[in-house]
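Here is the structure we will look at.
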Amino acid sequence: MTKRVAILISGGGSNMVALARSMQTDHPARPVLVLSNDPAAGGLAKAQDMDIPTLAIDHKPFGKDRAGFEAALHKALEAAQPDIICLAGFMRILTPDFTARWEGRMLNIHPSLLPKYKGLHTHARALAAGDPEHGCTVHEVTAALDDGPILGQARMKVTPEDTEESLAARLLPLEHRLYPAVLQRFAAGDRTPVML
Ligand code: GAR
């Protein structure tokens, strides 16, 4: 049975596009929904161009009511019936209640070599630490932020010329290779880590 994949975004959605493109070929999964917490996210138009159903659930009207936002998110996801949820630049922290409901079925890509640099500003932190290498990680989402079993990592060397911006720009194409490779394995029931 082809697995149904929902992709959650907040911005430009380049990882979402990489995932969606990868599913256009012989693949155990297909995209059924691209959902953004930001109605202005550039990725929504890109998904529409690829004929993927889209939905925006703006988190702002919910204010501090995180449970209310997540209830709306959950309702939309249940309607789409995904087997797998891919967080792809989705910049909202999810509560343990939400992550528990989808545990084992929800993946995230994070721009660091986890367990290093959970949270924000990963490129600046790698530079400040003088790390000789940097990278990205795809992992299963659990209650703890940017934690959970690692399903894949891609590494690259840091050069003396690198800036926060150059690291981000050089890492993105690696993210676009890693995430589809992990999703393809995961959708086939294989959790063996992909190492690039
Ligand atoms: C990516 O670099 C992704 O790793 C990062 O946001 C960017 C989204 O770009 N995610 C996080 O920082 C999650 N904590 P995209 O919208 O072009 O895919």
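When Arg66, Arg30 are checked against the criterion of being touching a His at 6+ places or on another chain (Cβ under 9 Å), on the phi < 0 side of the Ramachandran plot and of a type in the set (Lys, Arg), Arg66 stands alone in meeting it. Restricting attention to the range 181-196, the residues that are part of a helix (DSSP H, G or I) and open to solvent by 30 Å² or more (accessible area, probe 1.4 Å) total 3. Only one entry of His139, His121 meets the criterion of being within 12 Å of the ligand (Cβ to nearest atom), touching a Leu at 6+ places or on another chain (Cβ under 9 Å) and not acidic (Asp, Glu), and that entry is His139. Counting only residues that are out of contact with any helix residue (DSSP H, G or I) (no Cβ under 8 Å at 6 or more places or on another chain), among the aliphatic types (A, V, I, L, M) and part of a helix (DSSP H, G or I), the range 147-180 holds 3 of them.
Just to be sure before I move on: is His121 buried (at least 19 other Cβ atoms within 10 Å of the Cβ) and farther than 26 Å from Ala188 by Cα in the structure I sent? So His121 fails the test.
Would you check which residues across the range 124-140 are of a type outside the set (D, E, K, R), open to solvent by 10 Å² or more (accessible area, probe 1.4 Å) and touching a residue at least 24 places away in the same chain (Cβ under 8 Å) and list them? Result: Ala124, Leu127, Pro132. Scanning the range 151-172 for residues that are surrounded by fewer than 19 Cβ atoms within 10 Å (Cβ to Cβ) and of a type in the set (A, V, I, L, M) returns Met156, Ala168, Ala169, Leu172. Those helices (runs of 4 or more DSSP H) of the range 1-100 in which 1 or more residues are in contact with a helix residue (DSSP H, G or I) (Cβ under 7 Å, 6 or more places away or on another chain), within 14 Å of the ligand (Cβ to nearest atom) and open to solvent by 70 Å² or more (accessible area, probe 1.4 Å) occupy 42-49.
The values are calculated or read from the model by the stated rules, or taken from the named source; none is laboratory data. All figures in this text were calculated on a predicted structure; none of them were measured in a lab. Positions of Cβ are backbone-derived with ideal geometry, glycine not excepted, and every protein chain shown enters the neighbour counts. Heavy atoms of the whole protein, side chains included, go into the accessibility calculation; ligands, DNA and RNA do not. Shrake-Rupley method; radii C 1.70, N 1.55, O 1.52, S 1.80 Å.
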